[in-house]
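The values are calculated or read from the model by the stated rules, or taken from the named source; none is laboratory data. Just so we're clear, the structure is a prediction, and the values are computed from it rather than from any experiment. So basically every Cβ, Gly included, is an ideal-geometry build from the backbone, and we count neighbours across all protein chains shown.
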Amino acid sequence: MIKEWLDEYKPGNREEAEAALREIMQEVALAGLQRAVSLKKLRSMEVLL
């Protein structure tokens with residue numbers, strides 16, 4: 001999956017590939033944080049119900 005994402009960036013050299021990988025890792029990390037926050041919100045809503 002990551003290779004497919006990396007291919008979308010079409011890096012021309014190693015530096016560009018590393019920059020693309022950093023960006024991909026940031027996106028994955030942000031998605032994980034967003035999911036964690038959403039789950040926390042859902043859990044707090046269950047307590048209120």
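Hey, could you check region 9-21 for residues that are part of a helix (DSSP H, G or I) and surrounded by 10 or more Cβ atoms within 10 Å (Cβ to Cβ) and say which is modelled with the lowest pLDDT?
So the residue we want is Y9.
Identify the residue in region 18-34 that is of a type outside the set (A, V, I, L, M, F, W, C) and over 18 Å from K3 (Cα atoms) and, among all such residues, is farthest from the chain's Cα centre (by Cα).
Q34
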